[in-house]
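Quick notes on the structure that follows.
The values are calculated or read from the model by the stated rules, or taken from the named source; none is laboratory data. Keep in mind that this is a model prediction, so the values were computed, not measured. Ideal geometry is used to build each Cβ from the backbone, glycine not excepted, and the neighbour counts take in all protein chains shown. Surface accessibility is based on the protein's heavy atoms, side chains included, excluding ligands, DNA and RNA. Shrake-Rupley method; radii C 1.70, N 1.55, O 1.52, S 1.80 Å.
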Amino acid sequence: MLIGMEDKPLRVLACGDVEGRINALFNRVNAIQKKSGQFDLLLCVGEFFGTSEAEAEWEAYKSGAKKAPIHTYILGAASQETVKYFPNSDGCELAENITCLGRRGIFTGASGLQIAYVSGREAQQEPAPSHCFTSKDIIALAAPLLSNSKFRGVDILLTSQWPRGVWQYGNSPETDTKFCGVSSIADLADKLKPRYHFAGLEAVHYERLPYRNHVVLQENAQHVSRFIALASVNNPAKKKYLYAFNIVPMKNMDPAELVKQPQDVTENPYRKPVKDGKKEKPPPSMTGAEEEPVSQFFFDLGQKKPQHQQHHHGRKRQTDGDRPNYPKQPRRPPQPTGPCWFCLASPEVEKHLVISIGTHCYMALAKGGLTPDHVLLLPIGHYQSVVDLASEVVEEMEKYKSAVKKFCKSRAQRCIMFERNYRSQHLQLQVVPVSMEKCSTEDIKEAFMTQAEEQQMELMEIPAHTDLKQIAPPGTPYFYVELDTGEKLFYRIKKKFPLQFGREVLASEALLNIPMRADWRECKCTKEEEEDQAKQMRSDFEPFDFAHED
């Protein structure tokens, strides 16, 4: 979701608890941008929403009367009172330019900037209240990253709570450290080695001296980490609540440049001194998760997963959200992520639906598909939409698209593809084959246009070779359709959008004439039936599957 040139630094603003003072925050951001130019994004830690007096202020942004002046990413609720502002705990767009990241996960921008985050406060009990996280969340976030041997650290870590003991070997914060911070966040910061770690909730500004992530003369030099806690917006004591910095994503940096040590660097506050050159064994909390067999990753037909409350507005795979048993990465590491129904590295993926796995993308049977051959094309790593994809992922996605088109053609079918980048967390390109006998491309195009008009939506026709990035900058909610001729229809989503729109059009009497199958939740079948359909599809698609040849 971030735009960035290869080595051009991103300009980032970080902010402490907003507590509902949204106008004050954005006025300040506007003033800063007037003075020193546009920033790329604003990251808010701690509690974004406040008491009910501030509700009217938020309403203006929610309704679209006001718009955030910058792409703003916020953490989830940190108290019971503010839970009501978040439609779900898995992250979603709350208003134009304002996105809630969710309970925990990894967010990777198009520039390669990698942001790990954990919302709310630590809870001891399970299931945790929705403004809290548990040790399971911490494990699920860290395990897929740590199981990649190339992992060096994340660019940014956002947490609401402080890491316990961050002040050791460093300068002291102006707060009572007796009750400050939690050790699970300290453990996470130690493992993830963020270059910047921001936290809130303590109402003070504290900029710790940078600390090392390696033991001098015993380990190779690594980059330093900086921990910065921020005060709340417009606090009467005028403590600092906004922090501006430039950052080149780690993956684009020259390694020698990355590991330069500043003069005032200190020891790592989270590590006990190492005796006799022996490294301490890491605590079991982070390692246990890596011992699942790799075979779990692929077509795991064994484990039965309970279908829990299907409340996620048309998202496909639902299971009980917080499963800690992250297995190892598949043979080609995808970009790891938080809890997501579609990241291949996630325990939430229903592996038995997978048809084909490439290097950067995979193909799976749609859950509750319109037709038995309705499939999804998805990136293995965590990308929200087509416009966010890295170039090598785009390349492979195109290979999959052309393979599916050839497959459909061999069966006298037209291949219709559509994507909804709205209230979705992970890109799913829906592919629905339609028999050539049934309807022409013109009929399909007309059906989309007519139904859009009926719903007061203007579907634009865009040239076949248009790159969506040109008309939808990252972060823009949109819906688009690609017809078998390569023609594309595009709609920039303003406020609300019918989540099942693409399916409704294809299921309508004018086209497939299966209106009762418009909603995927009405089309559920048993796991056995799904396995049979997937098996059939795998064998039918195999002659066209370039990934199979690898």
Q.
For Asp187, what accessible surface area do you get with a 1.4 Å probe? Give it in Å², rounded to 10.
A. 30 Å²
Q.
5 Å is the cut-off here: which amide hydrogens, built 1.01 Å from N in the peptide plane, fall below it relative to Gly105, excluding neighbours closer than 5 in sequence?
A. Tyr117
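Which value does Rg/Rh take for segment 10-259 over its C-alpha atoms, Rh per Kirkwood?
Numbers: Rg = 17.5 Å, Rh = 18.5 Å.
Using Cα coordinates only, the ratio equals 0.95.
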**Q.** Accessible surface ranking that places the most exposed of Glu442, Glu509 first, with a 1.4 angstrom probe
**A.** Glu509, Glu442
Q | Computed over segment 10-259: relative contact order in percent, which uses C-alpha pairs under 8 Å that are six or more apart | A | 20 percent
Q: Scan around Glu122 for amide H atoms under 5 Å from its own, H built in the peptide plane at 1.01 Å from N, and keep only partners 5 or more places away or cross-chain.
A: Phe133
Q) Using a simple spin-label model with points 7 Å from Cα along the Cα→Cβ vector, what separation in nm is obtained for Thr466 and Thr51? A) 4.9 nm
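Applying a 10 Å radius around every beta-carbon, put 118-128, 40-50, 226-236 in order of their mean neighbour count, most first. Display every interim value, and only then the final one.
Working: 118-128: 17.8, 40-50: 25.3, 226-236: 20.5.
By packing density, highest mean first, the sequence is 40-50, 226-236, 118-128.
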Q. What is the local net charge at Ser440, summed over the other residues whose Cβ is closer than 13 Å to its Cβ (Lys, Arg +1; Asp, Glu -1)?
A. -3
Q. Can you run phi through the Karplus equation (6.51, -1.76, 1.60; θ = phi - 60°) for segment 255-261 and list ³J(HN,Hα) in whole Hz, with x for Gly and Pro?
A. x, 5, 5, 4, 8, 4, 9
Q | Estimated distance in nm for a label pair at Lys67 and Glu487, the labels positioned 7 Å out from Cα along Cα-to-Cβ | A | 3.0 nm
Q. Could the peptides 91-99, 158-166 be put in order, highest first, of the mean number of other beta-carbon atoms found within 10 Å of their residues?
A. 158-166, 91-99
Q) Given 0.36 nm per residue, what is the gain on full extension from Lys438 to Glu398 after removing their alpha carbon distance, in nm? A) 11.8 nm
Q: For Arg414, enumerate residues with amide H under 5 Å from its amide H, sequence gap 5+ or separate chain, H modeled in the peptide plane.
A: Val434, Ser435, Met436
Q.
Residues of segment 153-185 with the amide nitrogen closer than 11 Å to a label point 7 Å from the Cα of Thr266, along Cα-to-Cβ, please.
A. 165-173
Q. What length, rounded to one decimal in nm, is gained on full extension from Thr359 through to Thr175, with 0.36 nm per residue of separation minus their alpha-carbon distance?
A. 61.4 nm
(Q) Just to make sure I understand: if all protein chains stay in place, what is the order of Asp484, Asp90 by accessible area at 1.4 Å, largest first? (A) Asp484, Asp90
Q. Each residue of segment 378-386 in order: what ³J(HN,Hα) in whole Hz does its phi give by Karplus 6.51 cos²θ - 1.76 cosθ + 1.60, θ = phi - 60°, with x for Gly and Pro?
A. 9, x, 5, x, 8, 10, 7, 8, 4
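Count the DSSP beta bridges whose two residues both fall in segment 1-141, then state the antiparallel fraction as a percent rounded to the nearest 5. Don't jump to the answer; show the numbers that get you there.
Working: 8 of 20 bridges.
Percent antiparallel among DSSP bridges in segment 1-141 is about 40.
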Q | 3J(HN,Hα) from dihedral phi, segment 111-123, Karplus parametrisation 6.51/-1.76/1.60, rounded to Hz, x for glycine, proline | A | 6, x, 5, 10, 10, 9, 8, 9, 8, x, 10, 6, 10
Q.
At 7 Å along Cα-to-Cβ for each site, give me the label-to-label distance between Glu126 and Ser149 in nm.
A. 3.1 nm
**Q.** Anisotropy class of segment 431-534 from Cα gyration tensor, a/c 1.5 cut
**A.** prolate
Q: Could you quote the convex hull projected area for segment 1-139, Cα atoms only and averaged over all directions, in nm²?
A: 8.7 nm²
Q. Counting alpha carbon pairs within less than 8 Å and at least 6 residues apart, what relative contact order, in whole percent, applies to segment 351-544?
A. 24 percent
Q: Might you work out the accessible area of Glu453 for me, using a 1.4 Å probe with all protein chains in place, and round it to the nearest 10 Å²?
A: 140 Å²
**Q.** Area accessible to solvent at Lys193, 1.4 Å probe radius, in Å²
**A.** 40 Å²
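Indicate the gyration tensor shape class of segment 350-472 (rounded, prolate or oblate), computed on the Cα atoms with a ≥ b ≥ c the square roots of the eigenvalues: a/c under 1.5 is rounded; otherwise a/b larger than b/c is prolate and the rest oblate. Write down the numbers at each step before the final one.
Values: a/c = 1.58, a/b = 1.16, b/c = 1.36.
Oblate, because a/c is 1.5 or more while a/b does not exceed b/c.
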